[in-house]
Structures are given as C-alpha cells and as structure tokens.
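What follows is one structure encoded as structure tokens, with my remarks underneath.
The values are calculated or read from the model by the stated rules, or taken from the named source; none is laboratory data. Please read all numbers here as calculations on a predicted model, not as lab measurements. Here the Cβ positions follow ideal geometry from the backbone for every residue, glycine too, while neighbour counts run over all protein chains shown.
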Amino acid sequence: MSNKLLIGGVVIVVAGLLIFGRLNGNNTPSAGTASVQNSISAGSTHTAPDFTLQKLGGGTISLSEFRGKKPVVVDFWASWCPNCRRDMPKLNGFYEKYKDRVEVIGVNLQERESTVADFIKSRGINFPIALDPRGQASNAFGIQYTNTHFLIDKDGNLIRAIPADIGETNMLSLIN
C-alpha cells in the first residue's frame with residue numbers, strides 16, 4: 001500500500017512540474033531575466049521589477065508600496081511543491097518575528113484562488129499572499145522553479161536570489 005502512495009505522490013509532483021513548465025513557456029530566461037540575475041551576482045545595484053497583483057482575501061499588493069519603508073522578501077511558491085510545503089511555515093515564523101522590520105510577500109505561481117486559500121488556511125500562513133495567475137511577476141523575476149526567494153532592500157534594490165529554503169540569517173541580513 002505504501003508503494004502505491006509513494007508512486008502516486010511522485011506522479012503528482014512530476015505532473016505539477018510539467019504543468020508549471022508549460023504555463024511558464026520554455027525554460028530559457030529572457031534577456032531581462034538574465035540581466036537581473038547578472039546584476040545580483042555581480043553585486044551592482046539593480047532595482048527589483050515592480051508588480052501589482054491581486055491579494056488573497058481582496059485588494060492588491062505592489063512591491064513598490066514598501067520602497068523607502070522596509071525591506072521585502074518575495075517568495076515564489078506553489079501548493080503542490082514539497083519544498084514550499086516545508087519552507088512556508090518556517091518563513092511564516094520569521095515573518096511573525098520580524099514583520100515590523102521586514103515584509104514578506106508570497107507570490108503564488110498560477111494556481112486557482114480556492115487552492116491557494118485552502119493551502120494558506122491549512123498551514124496558518126499570515127504574511128500577504130499575491131496571486132499571479134498570468135505569470136506577470138514570475139516572468140519579471142525570471143522564475144524557473146518554485147521555492148525561490150528574492151531579498152530586496154529598503155530602497156527597492158535586489159540584494160540576493162535564494163533558489164532554496166530561506167533561513168533566519170537571510171531575514172537578519174536585510175535588517176542589518
């Protein structure tokens with residue numbers, strides 16, 4: 001019985017990855033994406049691409065609304081992603097601890113609002129969740145995979161891309 005569950009889980013994850021890849025087109029970053037990644041690795045200042053998206057629960061959220069106020073962690077995620085399922089509760093804990101000094105925006109990668117709402121409720125996530133049904137923000141940031149984070153300073157500059165779980169030291173690096 002457990003082998004059937006394991007195989008079923010693997011099939012669901014692979015299907016999700018294939019669907020995500022299809023929705024996002026090919027896996028080749030655009031010229032704009034390449035320049036964003038190069039500017040981060042080269043250490044030069046590059047303003048993060050702005051976005052305005054519908055927020056889960058109503059209203060909109062824009063990256064630029066935090067410019068000059070506090071640094072931001074942008075987390076690109078999906079409910080079917082095993083790493084996101086593991087990482088988001090930890091990220092929520094960091095948010096609860098540092099929310100007066102660092103904003104966190106979770107950008108969902110093209111899932112139905114009801115799916116997103118069920119996931120967020122079941123995990124007790126409190127940070128703002130943006131819905132990106134057409135891939136506006138994910139394309140602007142050149143997202144290729146789920147569970148990718150971007151650290152953005154108070155002035156709106158991209159500081160670092162983290163293509164894996166985020167740690168408390170990453171949150172602290174934005175504060176200090």
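Structure above, values below:
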{"quantity": "Where a residue in region 148-176 is at positive phi and its partner, wherever it lies, is of a type outside the set (A, V, I, L, M), with Cβ under 6 Å and at least six apart", "calculated": "156/47; 156/67"}
{"quantity": "Qualifying positions in region 145-176 - part of a loop (DSSP other than H, G, I, E, B) and farther than 19 Å from residue 88 by Cβ", "calculated": "153, 154, 155, 156, 176"}
{"quantity": "Selection status of residue 131, in contact with a helix residue (DSSP H, G or I) (Cβ under 7 Å, 6 or more places away or on another chain) and of a type in the set (A, V, I, L, M)", "calculated": "yes"}
{"quantity": "Positions within region 45-75 being closer than 17 Å to residue 135 by Cβ and acidic (Asp, Glu), in sequence order", "calculated": "50, 75"}
{"quantity": "From the options 147, 170, residue that is at pLDDT below 95, under 13 Å from the mean Cα position of the chain (by Cα) and surrounded by 17 or more Cβ atoms within 10 Å (Cβ to Cβ)", "calculated": "147"}
